[in-house]
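Novice: Dumping the structure here so I can ask a few things about it.
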Number of protein chains: 2
Amino acid sequence: MYIPTLADMRAARARIAPHVHQTPILTSRMLNQLTGAELFFKCENLQKAGAFKARGASNAVFGLSDDQARKGVATHSSGNHGTCLSYAAGRRGIPCTVVMPHTAPQAKKDAVRGYGGRVVECEPSTTSREAVFAEVLAETGAEFVHPYNDPRVIAGQATCSAEMIEQVEGLDAVIAPIGGGGMVSGTCLTLSHLAPKTRIFAAEPEQADDACRSFKAGYIIADDAPNTIADGLKVPLKDLTWHFVQNHVTDILTASEQEIIDAMKLIWKRLKIVMEPSSAVPLAAILKNPNVFAGQRVGIIITGGNVDLDSLPWN
Amino acid sequence: MYIPTLADMRAARARIAPHVHQTPILTSRMLNQLTGAELFFKCENLQKAGAFKARGASNAVFGLSDDQARKGVATHSSGNHGTCLSYAAGRRGIPCTVVMPHTAPQAKKDAVRGYGGRVVECEPSTTSREAVFAEVLAETGAEFVHPYNDPRVIAGQATCSAEMIEQVEGLDAVIAPIGGGGMVSGTCLTLSHLAPKTRIFAAEPEQADDACRSFKAGYIIADDAPNTIADGLKVPLKDLTWHFVQNHVTDILTASEQEIIDAMKLIWKRLKIVMEPSSAVPLAAILKNPNVFAGQRVGIIITGGNVDLDSLPWN
């Protein structure tokens, strides 16, 4: 297992600079009053392709040799990673195949295709996905870019907090949602070197709290088919992300479905941004644990903005 | 009638700097492809109090003498100007009274009160509003800050395009929604001096096209109770804003209600921002008149983000 380093993050930053936005930081006096903390929202929902995953995907794609690049990249993901890998591959002009269950939302398939990627459908089971994905790799020779358990991806996600600490001085804490742990691992990579006094928190839905239980148990626990509105956060930790979480995260906090929805609406209303339920989990956790953050300067990573406007959870 | 000058804009910019955000510019490759133009969205929905009107209101409030400031400010507005004047008065710690019909949405009354302002209700008629407002002025000695037909307000709104031309080089055109014409006048003030080659367009709902008809007729035409989802754009031009529109605007384009709603949803989906129907009128007009903007670099002012999340027009 190769653990990505600060040098990998720096190389990633230079490599992906032409392909990603430096996303803005937003603040709200009202949300500061409500939480008793000073909050700085890092808006990766405004990132290319609508999610921070454009960073890791771009780093993986643009780090390939020309020989490998010609064969393209592939992944299995019905979420933002598939879209972002297609985006990055499109920028480099190479093939991208994304395996997803035929039951995935049409919008997700359209998003992959919109950036030029190919969607290959499988049955909604792990067995089918693995079989179909193996076929894709055998047939294309494409490079597998895992959604999070990949050092290139983590080094890419790590560029987000490198930007954030240049944009906001003296952060006492940073909090990000945790699913597979790619963003949290990248945050750990960067901050443990460049801002070692800044505490790192992860936030997770109560109904998909496998990372929280893993953290307490000291070993990886994977849930069987968790159910939460924060659909980007259903996947389990893997060895590489577990390494970072175990060594650098201060605590993992959870929030209920209703608390997530309330925080999401609050952010839409006050910050005037469109973001996913997953991105609301950190604010929900802060509102639930005000004493942990009171009086502190807290960076919150808004991870993505790809949400179905036709079925908002408060309607 | 005092016509505000470039010096007034510059004074406004220094005066309001501590009280307003320099708002970011967002771009979307997909929206560029769709329109055939290069679009730069100036996000005043991310402005303090959720609208560009924080600029003009702050300039008026912070330009008052201490003697006048003690007596406070007053306006009549059931829209963003009332909220933003309350915001600015709150920052200076002076009284603010906003007269609005008792039929105005509760959220608008709450927004004024949330910043410390006082709401005085009138009947939903011009006669009642004028009578009640006269009483408020007599009773308080407050300074009347008109929502748009006020040189201090226009000089404040003019700071928006001064920022924009620093953030984006070589704009061929700028387009903003037009209601009373405060933002468009400020844009004219700044660009006619600092970027005289940049053409200025205004965009208006077909169902409230009084500015368009005025522009064609050569004199102010005021509609009687226009009805549009773009509720910030129902008010008529006044002498001061008419001066700027008449002298500096290239054209006024219109869009239907459905075109406005479609453009609004497109912006939410692609730019991941929450904004008002009024703010979608420029993109709707560009989509309707692609030949006017093809191949050009176009600045679009997203004027505000105060929208009722519980009743979105596409649901």
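Novice: Can you list residues from other chains, or at least 5 along the same chain, whose modelled amide H is less than 5 Å from the amide H of A:Ala255?
Specialist: The list, which skips near neighbours in sequence, is A:Glu204, A:Glu206.
Novice: So if I place +1 on the C-beta of Lys and Arg and -1 on the C-beta of Asp and Glu, and nothing else carries charge, what would the dipole magnitude of segment B:181-226 be about its Cα centre? I want it in debye, nearest 20.
Specialist: Details: 4 positive and 6 negative charges, 86 e Å.
The calculated dipole for segment B:181-226 is roughly 420 debye.
Novice: Okay, next question. What 222 nm value per residue comes from the helices of chain A, counting each DSSP H run with n ≥ 4 as -39,500 (n - 2.57) and dividing by all residues, nearest 500 deg cm²/dmol?
Specialist: Values: 14 runs with 150 residues, N = 315.
Here the helix-only value at 222 nm equals -14500 deg cm²/dmol.
Novice: Give me the percent of Cα-Cα pairs in the protein assembly as shown that sit more than 36 Å apart, rounded to a whole number. Working shown, then result.
Specialist: Details: 79176 of 198135 pairs.
Considering the protein assembly as shown, 40 percent of its Cα-Cα pairs are separated by more than 36 Å.
Novice: Something else: Dipole magnitude of segment A:54-144 about its Cα centre, charges +1 at Lys/Arg Cβ and -1 at Asp/Glu Cβ only, in debye to the nearest 20?
Specialist: Details: 10 positive and 9 negative charges, 79 e Å.
My answer is approximately 380 debye.
Novice: Tell me which chymotrypsin sites (Phe, Trp or Tyr not before Pro) from segment A:192-298 have a DSSP coil assignment and no more than 12 other beta carbons within 10 Å of their own. Provide the component values of the computation, followed by the final result.
Specialist: Values: sites: A:Phe201, A:Phe215, A:Tyr219, A:Trp242, A:Phe244, A:Trp268, A:Phe293; in loops: A:Tyr219.
Listed in order of number, the matching sites are A:Tyr219.
Novice: Report, for B:Arg29, each distance to the same residue's label point in the other copies, shortest first and in nm; define the point 7 Å along Cα→Cβ.
Specialist: 3.9
Novice: Measuring from a point 7 Å out along Cα→Cβ, what nm distances, shortest first, does A:Gln167 have to its partners in the other copies?
Specialist: 1.3
Novice: Moving on. When Cβ neighbours within 10 Å are restricted to other protein chains, what is their mean count per residue of peptide B:47-54?
Specialist: Values: counts 1, 2, 2, 4, 1, 0, 0, 0.
So the per-residue partner count for this stretch is 1.
Novice: So what's the projected area for chain A, the Cα convex hull averaged over all directions, in nm²?
Specialist: 14.6
Novice: Rounded to whole Å, how close does chain B get to the rotation axis onto A by Cβ? Give me the residue too, please?
Specialist: So the chain B residue sitting closest to the axis is B:Pro24, 2.
Novice: Count, for each residue of B:296-307, the Cβ atoms from other chains sitting within 10 Å of its Cβ, then give me the mean as a whole number. Provide the component values of the computation, followed by the final result.
Specialist: Working: counts 0, 0, 0, 0, 0, 0, 1, 0, 1, 6, 2, 3.
Across the residues of B:296-307, the mean count of other-chain Cβ atoms within 10 Å is 1.
Novice: Right, here's the next one. Of B:Leu171, B:Ser279, B:Met183, which is farthest along the charge dipole of chain B in the positive direction, counting Lys and Arg as +1 and Asp and Glu as -1 at C-beta?
Specialist: Going by the Cα projections, it comes out as B:Leu171.
Novice: Shielding of B:266-273 by partners, i.e. mean partner chain Cβ atoms within 10 Å per residue? Walk me through the numbers on the way to the answer.
Specialist: On the way: counts 0, 1, 6, 8, 3, 6, 16, 9.
The shielding value for this peptide is 6.
Novice: Additional query: May I ask you to give the percent of accessible area on segment B:50-160 that is carbon plus sulfur, with a probe radius of 1.4 Å?
Specialist: On the way: 2060 of 4090 Å².
Carbon and sulfur together cover 50 percent of it.
Novice: Enumerate the lysines that A:Lys238 could reach by cross-link, defined here as Cα to Cα under 20 Å, with residues fewer than 8 away along the same chain left out.
Specialist: A:Lys53, A:Lys216
Novice: Summing +1 for each Lys or Arg and -1 for each Asp or Glu, what net charge is found among the other residues whose Cβ lies under 11 Å from the Cβ of A:Val174? Before the final figure, lay out the partial values.
Specialist: Details: positive: A:Lys42, A:Arg199, A:Arg297; negative: A:Asp172.
With Lys, Arg at +1 and Asp, Glu at -1, the net is +2.
Novice: Please work out the average accessible area per residue across segment A:54-144, using the 1.4 Å probe convention, and give it in Å².
Specialist: Details: 3800 Å² over 91 residues.
The answer is 42 Å² per residue.
Novice: Now for a different question. Quick one: 3J(HN,Hα) in Hz for segment B:300-315, Karplus 6.51/-1.76/1.60 with θ = phi - 60°, rounded, Gly and Pro as x.
Specialist: Ordered by residue, 3J(HN,Hα) equals 10, 8, 8, 7, x, x, 8, 10, 7, 5, 8, 9, 7, x, 9, 9 Hz.
Novice: While we're looking at this one, here's another question. Can you give the charge dipole size of the protein assembly as shown about its Cα centre, rounded to the nearest 20 debye, using +1 on the beta carbon of Lys and Arg and -1 on the beta carbon of Asp and Glu? List each step's numbers first, then the result.
Specialist: Values: 60 positive and 64 negative charges, 290 e Å.
Charge dipole, the protein assembly as shown, about its Cα centre: 1400 debye, nearest 20.
Novice: Once every Cα of segment B:54-144 carries one equal point scatterer and solvent is ignored, give the base-10 log of I(q)/I(0) from the Debye formula at q = 0.14, 0.15, 0.16 Å⁻¹, two decimals.
Specialist: -0.42, -0.48, -0.55
Novice: Can you list, shortest first in nanometers, how far B:Gly141 lies from the same residue in the other copies, with each label 7 Å from Cα toward Cβ?
Specialist: Inter-copy label distances (nm, one decimal, shortest first): 8.6.
Novice: Taking 0.36 nm per intervening residue step and subtracting the Cα-Cα distance, what contour gain separates A:His102 from A:Lys197 on full extension?
Specialist: Working: separation 95, 0.36 × 95 = 34.20 nm, distance 4.56 nm.
Working it through step by step, the gained length comes to 29.6 nm.
The values are calculated or read from the model by the stated rules, or taken from the named source; none is laboratory data. The structure presented is a predicted model; accordingly, all values stated were derived computationally and were not measured. Backbone-built Cβ (ideal geometry, glycine too); neighbour counts: all protein chains shown. These area figures cover heavy atoms from the full protein model, side chains too; ligands, DNA and RNA do not enter into them. Shrake-Rupley method; radii C 1.70, N 1.55, O 1.52, S 1.80 Å.
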